[in-house]
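Working notes, structure below.
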Amino acid sequence: MTSCAGDKDVAIAEEADLSIDYEKYELENGLDVILHKDSSDPIVSLAIQYGVGSNREKTGRTGFAHLFEHMLFQESENVPQDQFFKLVQDAGGTLNGGTWKDGTVYYEVVPNNALETVLWLESDRMGFLINTVTESAFYNQQEVVQNEKRQRVDNNPYGHTSWVLDKNVYPEGHPYNWQVIGELEDLQNATVEDVKEFYDKFYGPNNATLVLAGDFDTAEAKKLVEKYFGEIKRRQEVTPLEPQPVTISETKKLYHEDNFAQAPQLHRVYATVEQYTDDAYALDFLSEILSSGKKAPLYKVLVKEKDLTSRTLAYNNSQELAGEFHIIITANSGVDLDQVEAGVDEAIAKFEAEGATDRDIERIKAGLETQFYNGISSVNGKAFQLANYNVFAGEPNFIEKDIENIKAVTKEDVMRVFNTYIKNKPFVQTSFVPKGELDLIVENSTRAAVVEEEIKENVEKKVEDAVATVAKTPSKIDRSVAPTTRKAPALKVPSAWEATLSNDMKVYGISQDEIPTVNFSLVMDGGHLLDNMEKNGVANLMTDIMMEGTATKTPEELEEAIELLGASINMYTTRESIVIQGNTLTRNFDKTMDLVEEILLEPRWDEEELGRIKTATINGIKRSAANPNTVARNVYNKVLYGDDHIFSYPTSGTEASVSAITMQDLKDFYATNFSPSISRFHVVGKIDKDTALSALTDLEDKWKAKDVTIPEFPVKEQRDKSSLLFVDIPNAKQSVINIGYIGLPRTSEDFYPAEVMNYKLGGSFSGAVNMVLREEKGYTYGARTRFSGSKIPGTFTASSSVRTNTTGESVQIFKDEINKYKEGISEEDLAFTKNALIKSNARRFETQSALLGMLQERSAYDLDSNYIEKEEDVIRNMTLEQHKTLANKYLDEDKMAYLVVGDAATQFSQFKDMGFDEVKMLDKDGNEIDLKDVKQ
């Protein structure tokens with residue numbers, strides 16, 4: 001049955017406990033310390049949030065906060081170069097950091113025996129770092145950050161949009177006028193003295209919050225915090241920034257010809273207000289009502305009535321100092337953005353006429369409880385939340401006020417903020433269109449002053465440090481030696497239960513009581529494997545059409561029924577399966593499963609929705625044709641698997657194949673291939689076996705088994721030569737590199753040992769290829785190697801995105817490092833691999849989603865209940881000789897395909913002289929191009 005507003009299932013239950021117990025105190029040096037004890041798993045999260053983001057920078061000196069995020073991972077006075085990642089991984093932990101406009105955060109999640117290690121590490125970079133900021137280290141990270149910009153901004157469709165908007169929404173000198181990653185010119189011109197001054201001001205204990213969350217002894221933790229952080233001196237006083245909301249005095253319309261866009265995009269921004277204000281909460285609701293779902297005015301006008309786009313998006317972005325309200329419409333290919341602009345204005349007028357309703361407000365509030373629980377499902381999530389609230393709201397437990405403020409929003413509040421910030425207000429708007437399609441921009445737009453980086457020949461810069469040894473800052477303790485750790489917590493795999501229903505569907509479950517939610521998935525074998533090559537993409541469309549209503553519910557009604565339960569239900573297609581995945585509150589599991597049953601057994605087969613889905617899919621295919629990463633993935637699969645294997649065709653299909661698909665094709669696929677006999681149901685959360693199986697009773701009775709034949713495809717014979725294959729993306733600022741060949745199926749007894757063998761080559765940040773290409777050379781933001789596989793042989797792949805003018809050298813480095821790896825690794829590297837993989841199992845089962853993934857892996861390959869213990873035995877027992885044998889058996893760089901997707905005009909010709917057995921140019925579909933037809 002469908003829930004109604006006012007039901008106990010809707011909104012946040014009165015008995016819901018979303019608070020987090022904690023203790024807060026302050027060290028003499030001003031460091032805020034927050035402790036949250038959670039003994040659910042033997043792990044600890046340490047998070048340090050500094051009150052510094054790009055908002056503390058100045059014009060001409062931008063990008064420093066983000067650059068320092070990188071610098072702090074390099075070395076400190078007592079932690080040698082590149083050891084930060086290695087030490088945490090060696091302890092079985094994970095780590096990272098992030099910078100945004102208003103803040104910077106660093107975190108580690110480790111087995112609880114490594115708590116002292118991460119406190120030592122974090123304190124060393126807070127109080128004992130600055131003497132290690134040398135010219136050479138600084139230059140290296142300048143290069144890495146510039147590569148991050150190329151990867152995330154310059155080489156991406158619409159990547160420059162934020163720069164154009166912020167430059168025009170915020171006046172010169174406003175802290176939000178520049179991008180977090182900084183201006184390329186500023187990064188290149190920055191000096192060591194500049195960044196040292198920035199660090200001294202903003203990275204002291206009196207501008208930071210330290211949070212420990214997890215399984216630890218409170219008294220011991222306090223002693224350790226004092227031991228490592230207590231002696232660090234206060235730095236300069238940091239005055240809190242006051243809100244600086246802006247007013248847009250007149251509407252500005254700008255345009256840019258985008259090298260990577262395949263469809264025009266309109267992006268409009270209104271100035272709003274800072275976070276945690278009454279208006280900010282109401283603006284969040286307004287954005288949802290205006291754009292989210294099939295009842296939204298933007299959807300009704302732009303998608304349903306005018307067919308100008310397949311998706312509408314609006315959101316309010318209230319930050320520490322100011323806020324913006326965004327409307328983003330990526331139009332269908334070839335659509336004039338004047339039409340889109342008119343449609344947006346019509347939708348806004350429609351909202352004004354119809355207004356917000358109580359039902360709208362209730363629908364949005366219904367999902368908040370699930371959303372908040374998901375946010376605190378891990379110790380790291382709790383640590384982030386406590387730190388964030390402490391820094392920006394002044395109290396770690398602000399979650400309770402936050403929820404009350406959200407619950408207080410009314411439809412009148414929504415209409416008030418609409419009238420205050422949106423109705424008839426000036427805005428900044430961009431038109432980003434594909435190269436050569438200026439006729440699609442909004443009329444009377446002005447060209448945006450986007451600066452594109454010019455591709456130049458790579459010139460190695462040698463940076464010599466004036467002082468060979470690093471001066472040590474005095475300390476009361478010996479910081480030069482890492483703390484000793486106690487014995488790592490033993491592996492403790494949560495117990496799981498199994499059942500087989502009378503319709504042959506297998507069910508797997510794990511009870512986990514920490515939060516009152518349930519995560520579940522129904523996995524049906526087949527997916528893309530069941531596609532007809534002549535009508536590729538049917539399986540993908542299936543999972544879209546089945547979410548568009550049921551026999552008794554319109555698409556709008558189904559969407560609302562899910563939302564009013566505070567649930568999410570998603571359906572998607574993979575290469576080997578169709579998956580229904582959901583997340584709901586425990587008290588609403590039965591009703592959520594009623595909807596899953598209805599979706600699965602009573603499709604609506606809505607012709608109108610199919611038309612929109614096909615249009616959206618074709619738009620996505622067109623856009624992906626300009627995305628270097630998508631092009632690389634598709635061509636790589638075609639080259640390795642060959643035309644006779646379905647994996648050489650994208651799951652989404654092609655423009656032609658999707659256009660040809662009919663509703664009857666979908667009905668036939670459903671009738672032939674949907675069966676419980678090839679399905680597995682997984683459930684994890686605050687639910688026991690009996691309750692879970694009871695909720696599946698109707699599905700068991702109504703869904704009858706049938707025989708389904710999943711076809712087998714020939715896997716291309718192993719390669720016998722090295723092939724350099726180049727796909728041209730003119731003016732690409734980075735080259736995407738994929739290197740490899742067909743490897744092993746997941747079911748091979750050598751598959752997991754091969755994964756273990758690969759770990760030190762490129763299976764982690766500390767892998768050899770990343771250490772050379774990123775940390776030594778500064779050519780990339782990251783480089784990895786991996787084995788993939790299922791019941792069907794997967795691939796060995798080495799991959800990276802590198803600065804364009806380093807393409808040839810980067811390919812050679814990959815080749816050399818793979819060859820060198822076969823000579824064997826050191827005893828130290830093998831010990832590191834064993835520690836990292838075995839000890840990290842302490843973190844492996846913390847969240848419901850992680851447990852769900854474990855169940856899915858186990859059921860997919862019919863693994864024993866103790867398969868993780870067996871994996872640990874493989875790791876523990878591996879010898880140097882076995883490692884070397886595996887490397888030589890499964891790594892042969894002389895037989896790999898070397899695919900490069902980048903700028904052919906500047907990069908292709910060099911490969912003819914690099915010793916490859918063959919050098920070819922391919923088009924974006926993987927077809928060979930006669931080199932006589934290529935301009936060089």
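Below are the figures for this structure:
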item	result
Cα gyration tensor shape for the stretch 756-906, rounded if a/c is under 1.5, else prolate or oblate	prolate
Farthest positive-ward along the stretch 193-296 dipole, Cα basis, beta-carbon charges - from THR218, LEU241, SER291	SER291
Cβ-based net charge around GLN848, under 12 Å, with every Lys or Arg adding one and every Asp or Glu removing one	-2
Charge sum, other residues only, whose C-beta stays under 14 Å from LYS401's C-beta, Lys/Arg counted +1 and Asp/Glu -1	-4
Overall form of the chain per C-alpha gyration tensor (a/c, 1.5; a/b vs b/c)	rounded
Efficiency of FRET from Cβ geometry, ASN96 and LYS223, R₀ 25 Å, rounded to 0.05	0.40
Simple spin-label estimate for SER790 and THR247 in nanometres, 7 Å along Cα-Cβ	5.8 nm
Distance in nm between pseudo-label sites at GLU412 and GLN882 (7 Å out along the Cβ direction from Cα)	7.2 nm
Total formal charge among the other residues, if their Cβ is under 12 angstrom from that of VAL428, Lys/Arg +1 and Asp/Glu -1	+2
Reciprocal of mean inverse Cα separation for the stretch 683-822 (Kirkwood radius, Å)	18.5 Å
Net length gained if the chain between ALA671 and GLU23 were fully extended (0.36 nm per residue, minus Cα distance)	227.5 nm
Sequence-separation-based contact order of the stretch 370-523, relative, with Cα cut under 8 Å and 6+ spacing, percent	17 percent
Qualifying GluC sites (Glu not before Pro) for the stretch 13-77 [loop in DSSP, other Cβ within 10 Å: at most 16]	GLU14, GLU15, GLU28
Rg/Rh for the stretch 557-691, where both radii come from Cα atoms and Rh is the Kirkwood radius	1.02
Percent antiparallel among DSSP beta bridges (both partners in the chain, rounded to 5)	75 percent
Inverse mean reciprocal Cα-Cα distance (Kirkwood Rh) of the stretch 336-488, Å	23.2 Å
Sparsely packed GluC sites (Glu not before Pro) within the stretch 665-728, loop by DSSP, other Cβ within 10 Å at most 14	GLU712, GLU717
Point-charge dipole on Cβ atoms (K/R +1, D/E -1) for the chain, about Cα centre, debye to 20	1180 debye
Backbone HN-Hα couplings from phi across the stretch 216-226 [Karplus 6.51/-1.76/1.60, Hz, Gly and Pro as x]	8, 8, 4, 4, 5, 4, 4, 5, 5, 4, 5
Global form of the stretch 128-203, assessed from the alpha-carbon gyration tensor, a/c cut-off 1.5	oblate
Cut-off under 5 Å, modelled amide H: who pairs with LYS252 long-range	PHE427, VAL428, GLN429
Helical contribution to [θ] at 222 nm, DSSP H n ≥ 4, -39,500 (n - 2.57), averaged over the chain, rounded to 500	-11000 deg cm²/dmol
Mean Cα-pair separation over length for the stretch 279-366, i.e. relative contact order, pairs under 8 Å, 6 or more apart, %	28 percent
Computed over the stretch 807-909: relative contact order in percent, which uses C-alpha pairs under 8 Å that are six or more apart	51 percent
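A short reminder: the numbers here are calculations on the coordinates, not readings from a lab. All figures in this text were calculated on a predicted structure; none of them were measured in a lab. Positions of Cβ are generated from backbone atoms using ideal geometry, with glycine treated the same way; all protein chains shown enter the neighbour counts.
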